[in-house]
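Heads up: the structure comes next, in structure tokens.
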Amino acid sequence: MANYGFVPASDTRNKKLGHMAYISAPASNCDDNCPFNHGGGCYAANPPFSWIWGKHQSGVSRHSVSYPQMLTSVRQMPRDSKLRFFVGGDFPKNGTGSVDCIKATQMAKASIGKKTIIFTHHQPWSGNGAWGATIRNLKPIGFQVNVSCESEQQVDAYIADGIDCVLTVPSTETRKQWRTAGGNRVRICPNQVTNGAVTCERCMLCNSRPDDMAIAFKGHGTRVKRFDQHFN
């Protein structure tokens, strides 16, 4: 169960993404401290994507690849291609359970010239000070890592530290945009406020946006009730 998945744009059937390639990573890469892990409402663990993700990991999908094969596939993508990292899974970990910053850098270098969307639940301040530095160092080469937050306080702290972030909010959130106590802008994912009319391929705010803005994602999927419990 250590395989990645690399799905080229020509094979993508994900309505939210649009016409762009995506990568899935092993579930073992996920941060054990992620509140949505282990049945906590993670969207990737919902059918039907969970079935696809399982096939990627088990090696039975034609899109299953090893880590080196995944890097090669990314390098071979045409310049300006759009790529979503980690529709399921996350950055690989090292022997201590922290993010493997060497492999993260390898992914970034393989992605030079491409337009990427990247999320991670590995928190830069959770036992791996090198991770925050790596995130900041990779942004100038176009590898913009978005750290997933569960509170506006986290958003303000990360933005102040020069780290891009996104925010999870309950499915019941009715605002489309607002400001945090620290004055930073929060904007709900355009795909969610347009009933799917705006795809990731068309939007790309998670690839490039003002430094004082975080994109928020409302809970969705078959386990949304479990997801919303984290905000009660």
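The values are calculated or read from the model by the stated rules, or taken from the named source; none is laboratory data. Keep in mind that what you see is a predicted model, and the values were worked out from it rather than measured. Heads up, the Cβs are rebuilt from the backbone with ideal geometry, glycines too, and the neighbour counts pull from every protein chain shown. SASA here: full protein model, heavy atoms, side chains in, ligands and nucleic acids out. Shrake-Rupley method; radii C 1.70, N 1.55, O 1.52, S 1.80 Å.
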Open item on the list: Just the residues that are within 13 Å of the chain's Cα centre (by Cα) and either more than 25 Å from residue 121 (Cα to Cα) or not in a loop (DSSP other than H, G, I, E, B) (or both), please, taken from the range 74-94.
Closed with: 83, 84, 85
- [ ] Please enumerate the residues belonging to the range 110-148 that are open to solvent by less than 20 Å² (accessible area, probe 1.4 Å) and either assigned to a strand (DSSP E or B) or of a type in the set (Lys, Arg) (or both).
- [x] 116, 117, 118, 120, 145, 146, 147, 148
Task: Complete set of residues in the range 95-109 that are within 19 Å of residue 37 (Cα to Cα), open to solvent by less than 40 Å² (accessible area, probe 1.4 Å) and not in a strand (DSSP E or B) - done: 98
TODO: All but one of (1) open to solvent by 30 Å² or more (accessible area, probe 1.4 Å); (2) closer than 26 Å to residue 157 by Cα; (3) assigned to a loop (DSSP other than H, G, I, E, B); (4) not polar (S, T, N, Q) hold for residue 187, so report the exception by its number.
DONE: (3)
Open item on the list: Looking only at residues that are in a loop (DSSP other than H, G, I, E, B) and either acidic (Asp, Glu) or more than 22 Å from residue 118 (Cα to Cα) (or both) in the range 196-213, which one is most open to solvent (accessible area, probe 1.4 Å)?
Closed with: 211
- [ ] Report yes if residue 222 is open to solvent by less than 40 Å² (accessible area, probe 1.4 Å) and either polar (S, T, N, Q) or at pLDDT 95 or above (or both), otherwise no.
- [x] no
TODO: Scan the range 161-189 and report the pairs whose first residue is farther than 15 Å from residue 218 by Cα and whose second residue is open to solvent by 30 Å² or more (accessible area, probe 1.4 Å) and among the small types (Gly, Ala, Ser), with Cβ atoms within less than 8 Å and a gap of 6+ or a chain change.
DONE: 182/160
- [ ] Could you please give the count of residues in the range 18-30 that are under 17 Å from residue 91 (Cα atoms) and open to solvent by 20 Å² or more (accessible area, probe 1.4 Å)?
- [x] 3
TODO: Among the residues of the range 58-77, count how many are touching a strand residue (DSSP E or B) at 6+ places or on another chain (Cβ under 8 Å) and under 22 Å from residue 116 (Cα atoms).
DONE: 10
Open item on the list: So in the range 67-94, with the set limited to residues that are within 20 Å of residue 52 (Cβ to Cβ) and hydroxyl-bearing (Ser, Thr, Tyr), which one is surrounded by the fewest Cβ atoms within 10 Å (Cβ to Cβ)?
Closed with: 67
